[in-house]
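Every number in this text was worked out from the coordinates using simple rules, so none of it is lab data. Note that this is a predicted model, so its numbers are computed, not measured. Here Cβ is always computed from backbone atoms with ideal geometry, including for glycine, and neighbour counts include all displayed protein chains.
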Amino acid sequence: MFKEVPLIEIDEIVDKAFKLAKKKALSSKKNLNEIVKEKESIRVTVAGETLAESLFKVVDRYPSFDRLPPFTRELIDIIAGIDTLRHNLGALSFAINTINSIKVEYIKNIRRAKTPQEASFLRKECYGRYISILKQIERNIKVLNKLRDKLKNLPSINPDLYTIVIAGFPNVGKSSLLKSLTNSEPEINSYPFTTKGINVSSFEYNRRKIQVVDTPGLLDREFKDRNPIELQAISALKYLAKLILFIFDPTESCGYSMEMQLKLYKEISNEFIGVSIIKIYNKADLKEWGYITDKQGIEISAQEGLNIDILKKEIEKKLIDYFEEEVYYYEKN
Ligand SMILES: Nc1nc2c(ncn2[C@@H]2O[C@H](COP(=O)(O)OP(=O)(O)O)[C@@H](O)[C@H]2O)c(=O)[nH]1
Ligand SMILES: [Mg+2]
């Protein structure tokens, strides 16, 4: 009963289908009109697809802004403006869709052409419309190219790493501490919100990479005379910072009085609520040890490498607290 039902072999049916298609195509009556129409139709198709693809490559490479880590999103917003990006990428998407519909429309028109001349004319008309769409988004393309240049140097701060941010007035020893904590020359990245580079470096703790950043121009003066971009940059740091190392220079050789430094400390601790802060008193080599009465703070000399080990222990305590749950999890499994 089922003998009439054929067995299906995919290779076989594919082979058969393609061979037949080729044969039909070859045997189809090919007058000049058909040949030209086919050629013009291919040109319209390939040109449209290639254009759309070139535009799509741009749209596609942009991440979905809503899904970015908040720090990265804020940075992109500061550098390029997410609304601006969205608007211009939207224009590109619109152009892609329009090119696709023009393509479909002209494939149809060419199929209906009565003469080879008409087919060629239609193809040229179609090319003209492709170009006019591109002209319409010329400004958007220019804007996106410019923003891309700004974004391509988006610094190598990794928002997924545990991040320690160093704060304190200029010349208190932030860069010196960064170097002695990480035993390395920091990578200097330029950001649009500060004329000075942001220094990024890292060290290993229990095979975890711990990132340390020094942000000159951001957490090194009082907030009152800050411009909106700097304020936004500071708010971006809130997403990033797990621990702040606030450096005091009690020798005041940095040029700022302890009173001013305390004021900045208070501002930062009020701004970064929920972020641990370690108070560090630097340049201890210039003063007698034990001159600081603040028992919570740690006296160090970043330059001479004094008490850096004690500071590291203190940092490790914070890391242990932070990663405790994970460690617990690993031990149990
Ligand atoms: N005596 C002494 N000088 C230091 C110490 N740490 C930094 N300095 C000096 O203070 C100045 C500013 O240091 P720097 O790390 O560039 O400070 P930043 O502006 O906060 O990054 C430099 O001249 C350093 O040599 C320290 O522990 N002791
Ligand atoms: Mg510095």
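Counting only DSSP beta bridges with both residues in the chain, what percent are antiparallel, rounded to the nearest 5? Percent antiparallel among DSSP bridges in the chain is about 40. Longest span of the chain, sites excluded, free of chymotrypsin sites (Phe, Trp or Tyr not before Pro) in DSSP loop with at most 16 other C-beta atoms within 10 Å? In short, 1-288. For the chain, averaging the sequence separation of C-alpha pairs within contact (under 8 Å, six or more residues apart) and dividing by the residue count gives a relative contact order of 15 percent.
Relative to the longest principal axis of the Cα atoms of the chain, the long axis of helix 258-271 lies at roughly 40 degrees. Axis angle, to the nearest 10 degrees, between helix 32-61 and the longest C-alpha principal axis of the chain: 10 degrees. Take every pair of alpha-carbon atoms less than 8 Å apart whose residues are at least six positions apart; their mean separation over the length of region 162-332 yields a relative contact order of 23 percent. In loop segments of region 136-189 as defined by DSSP, the trypsin sites (Lys or Arg not before Pro) with at most 15 further C-beta atoms inside 10 Å of their C-beta are K152. Principal-axis analysis of the Cα atoms of the chain puts helix 116-136 at an angle of about 20° to the longest axis. Helical content alone sets the calculated 222 nm signal of the chain at -19000 deg cm²/dmol, taking -39,500 (n - 2.57) per DSSP H segment of four or more residues and averaging over every residue.
Over the chain, the Kirkwood radius and the radius of gyration, each from Cα atoms, give a ratio Rg/Rh of 1.26. Among DSSP beta bridges whose residues both lie in region 208-307, state the antiparallel percentage, nearest 5. So the antiparallel bridges amount to about 10 percent of the total. P(r) tail, region 201-331: Cα-Cα pairs separated by more than 25 Å, 32% of all pairs.
Full extension of the segment from K57 to I42, taken as 0.36 nm per residue of separation minus the current Cα-Cα distance, would add 3.2 nm. Just check region 29-151 against the gyration tensor rule for me: Cα atoms, a ≥ b ≥ c as the square roots of the eigenvalues, rounded for a/c under 1.5, and otherwise prolate or oblate depending on whether a/b exceeds b/c. Verdict is prolate for region 29-151.
With loop defined by DSSP as not H, G, I, E or B, and exposure as at most 14 other Cβ atoms within 10 Å, which is the longest segment of the chain clear of exposed GluC sites (Glu not before Pro)? Looking at the chain, 10-221 is the longest stretch - no exposed GluC sites (Glu not before Pro) with at most 14 other Cβ atoms within 10 Å.
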